[in-house]
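To start, the structure under review is shown below, and the notes come after it.
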Amino acid sequence: MRSEPGEVLHFSEDPTISRFEPRVPEDVADGEAVVWAVDAPRCPDYWFPRDCPRAMAWSLPTTTRADRDRILGPGCGDRVHAIEYRWLEALRTVDVYAYRLPAIVFRPIGTPVPYAHVATVPVEPIGQPELVGDLLSLHERAGIQLRVLADLWPFWSEVTGSSLGYSGIRLHNAMPSANACTDSH
């Protein structure tokens, strides 16, 4: 499930949204009210239950072979997503919907490569929301490794100290590290 040219996607567990109103993100007290969406390359970041903490890493042109082999694994593709065991059942059973939105009212945020798109005006979907389907299968078909870990923090520490590209979403929902030495997030 990815966006098409001229559109961005918003992923939600709620299939009844008829209009997206700008709002201030929960974790940004003085932020601008916006509607969030993603383009095709960032859609896999949202193939999860909304509150599921996830750590993601991928190869960049500047990624060293040592980092790639150590973290992604030799011959294991260019991207890995990691979640905690306690989220696996939700990943298997949650219904996630994709809303197609007109890209023209959004602006990209993040440099050098945008990680999201935002609109400061209300946005109506282009059509009915689409059920995303089996999230595990989406990862498999996209060639994305999905790792299920007891503790995300050692993986996150390795990723953020590497030459890989990375993103962490809802990490505040992750369990505290089982190893105090790696709990430097």
Checklist line | Distant-in-sequence amide H partners of V132 (H built 1.01 Å from N, under 5 Å) | finding: V96, Y97, A98
Check: What does the charge count near L72 come to, summing +1 for each Lys or Arg and -1 for each Asp or Glu among other residues with Cβ under 9 Å from its Cβ?
Finding: 0
Notebook entry, point to check: Where the Cα atoms of the chain are projected onto their three principal axes, how long is each span, largest first, in whole Å?
Noted result: 45, 36, 35
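For A90 and E140, what does the FRET efficiency come to when R0 = 25 Å and r is the distance between their Cβ atoms, rounded to the nearest 0.05?
Working: r = 18 Å, r/R0 = 0.72.
E between A90 and E140, to the nearest 0.05, is 0.90.
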Item checked: Contact order relative to length of the chain, as percent, for alpha carbon pairs under 8 angstrom and 6 or more apart -> 32 percent
Margin query: Check which residues have an amide H placed less than 5 Å from F20's amide H, if you skip close sequence neighbours.
Written below: V123, E124
Next item on the list: Sort out for me the Cα centre separation of segment 91-147 from segment 47-72, rounded to whole Å.
Entry: 18 Å
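Using the Cβ atoms and a cut-off under 13 Å, what net charge is assigned to the surroundings of T120, where Lys and Arg are +1 and Asp and Glu are -1?
On the way: positive: R23, R107; negative: E21, E32.
Summing Lys and Arg as +1 and Asp and Glu as -1 gives 0.
Which net charge results when you count Lys and Arg as +1 and Asp and Glu as -1 among the other residues whose beta-carbon is under 12 Å from that of Y99?
With Lys, Arg at +1 and Asp, Glu at -1, the neighbours total -3.
What FRET efficiency would be calculated for the residue pair I104, D30, taking the C-beta separation as r and a Förster radius of 30 Å, to the nearest 0.05?
Values: r = 28 Å, r/R0 = 0.92.
Step by step, r from the Cβ atoms, then E = 0.60.
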Item checked: If the convex hull is drawn through the Cα atoms of segment 91-185, its volume per residue in Å³ -> 159 Å³
Note to self: Quick query: amide H of V8 versus all other amide H atoms, modeled in the peptide plane; which residues come in under 5 Å with a sequence gap of 5 or more or a different chain?
What the structure shows: L101, A103
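Each value in this text was obtained by applying a stated rule to the coordinates, not by laboratory testing. Note that the structure is predicted; figures quoted are calculated from it, not measured. Glycine also receives a Cβ, built like all others from the backbone with ideal geometry; neighbour counts cover every protein chain displayed.
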